[in-house]
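Every number in this text was worked out from the coordinates using simple rules, so none of it is lab data. In this text, all values refer to a predicted model and were calculated from it rather than measured experimentally. Backbone-built Cβ (ideal geometry, glycine too); neighbour counts: all protein chains shown.
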Amino acid sequence: MIIGIDVGGTNARALLIDPDSSEVIGRSRRSSAGSGSALSATLTEMVGELTESNDTTVESVGLGVAGLAHRSGVVHYSPNLPDLVEYPLGAELSTALGIEVTVMNDATAGTWAEAKLGAGRGCDDFILVALGTGIGTGFVSGGRLIHGAHGFAGEAGHMVVDASGPSHHTGHQGPWEYYASGSALGRMGQTQAASGHFPAALEIAGSAEDVDGFTVAAALAQGDDEARRIFAGFCRHVARGLVNLALIFDPARIVIGGGLTTMGEPLRSGVETGYRELMLGASHRPPIDIVMAQLGDDAGALGAALWAHEGL
């Protein structure tokens, strides 16, 4: 058996997987809060729970982490996991478990899962963009997963799209995820609700402070005009970043993942419309498939496990 773990800013998710069928045999979920040593202990316990409850042994563990996860297993930087900065999480977990642990970025792991089992199957050149609290991206080019020299490839959410734009929580001005993440959609809704231009959001959430991206989605589903306007602008921000990436990588497919995928077709079609409007020479290019991811919250852990197993 193999185990994949996805460590995000709030939770850690672990899956016990049959490597022959890629079937998920067991699941565990815990908080990812705390120091590096506390998280390492939590992950060790999760692996122990899965192996003991399923009476099995594990040959490898794949670990996907939100941030700059170096090939060596050191997490050099993570805006959402500040206690892991420069922490050797991979080596510590490997020592505790007595087996090899392969570390990679969580969005890169999710991209590999979609390539093998999900919306990227049969496509040698695609981009995955995960829209959640922030933006994670991953790239498959020529059938190969792009890691970069250190394993840091896929941090496109932090590329600057407006050098004079507002400051993000990272301290950088105008990064893509400031405008196009789930947090951005919520902020856009909050601003309009607080100004009195989005009463439907206040009816749903109760107060402007409680408006988030899913509030906007709910108002959109009700046919609210202001929600449509906000959402159209948001989709255009998403598309702008995707156009920049497509100009570099020339993909055949773009896969949209992350928490916002629960919105479904309005998100896919809205991004597709914005993409066609913004892409240079769009009418002279072969059409690009823009599709929704298929593996949901399991993608990061699945991809990390599959990558670790293939590495053996």
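Worth a mention:
- An ellipsoid equivalent to segment 1-80, defined through the eigenvalues of its Cα gyration tensor, has semi-axes of 23, 14, 11 Å when rounded to whole angstrom and sorted largest first.
- The 3J(HN,Hα) values that the Karplus relation (6.51, -1.76, 1.60; θ = phi - 60°) gives for segment 217-231 are, in residue order, 4, 5, 5, 4, 5, 7, x, 5, 5, 5, 4, 4, 5, 4, 5 Hz. Gly and Pro appear as x.
- Alpha carbon convex hull of segment 92-170, volume per residue in cubic angstrom: 149
- Proxy reagent accessibility, fewest Cβ within 10 Å first, across Met292, Met104, Met46: Met292, Met46, Met104
- Hydrodynamic radius of segment 248-312 by the Kirkwood approach over all distinct alpha-carbon pairs: 13.8 Å.
- Annotation: extensible slack from Ala252 through Glu59 equals 66.0 nm (criterion: 0.36 nm per residue apart, minus Cα-Cα distance).
- Qualifying GluC sites (Glu not before Pro) for segment 66-164 [loop in DSSP, other Cβ within 10 Å: at most 16]: Glu86, Glu100
- Note on the chain: with charges restricted to the Cβ of Lys and Arg (+1) and Asp and Glu (-1), its dipole about the Cα centre is near 820 debye.
- Convex hull volume of the C-alpha atoms in the chain, normalised per residue: 137 Å³.
- The value obtained for segment 180-253, namely the Cα convex hull volume divided by the number of residues, is 83 Å³ per residue.
- Paired Rg and Dmax values of segment 211-252, which use every Cα atom, in angstrom: 13.5, 38
- Residue among Ala227, Ala299, Ala218 with the largest mean-square fluctuation in a Gaussian network model of the chain, springs linking Cα atoms under 10 Å: Ala218
- About the centre of its Cα atoms, segment 62-148 shows a dipole size close to 220 debye [charges on the beta carbon of Lys, Arg (+1) and Asp, Glu (-1) only; nearest 20 debye].
- Over every Cα atom in segment 122-293, the radius of gyration and the widest Cα-Cα span, Dmax, amount to 16.3, 50 Å.
- Placing unit charges on the Cβ atoms of the charged side chains and taking the dipole of the chain about its Cα centre, the candidate lying farthest along the positive direction among Ala304, Gly270, Ile3 is Gly270.
- Leading residue at positive end of dipole, the chain (Cβ point charges), from Val75, Gly148, His284: His284
- Per-residue Cβ neighbour rank within 10 angstrom, fewest leading, Ile3, Ile254: Ile254, Ile3
- Protection proxy ranking of 20-29, 242-251, 175-184 - average other beta-carbon atoms within 10 Å, highest first: 175-184, 242-251, 20-29
- Among the trypsin sites (Lys or Arg not before Pro) found in segment 30-138, those both in a DSSP coil and sparsely packed, with 15 or fewer other Cβ atoms within 10 Å of their Cβ, are Arg71, Arg121.
- Dipole magnitude for segment 122-293: computed about the Cα centre from +1 point charges on Lys and Arg Cβ and -1 point charges on Asp and Glu Cβ, it is near 380 debye.
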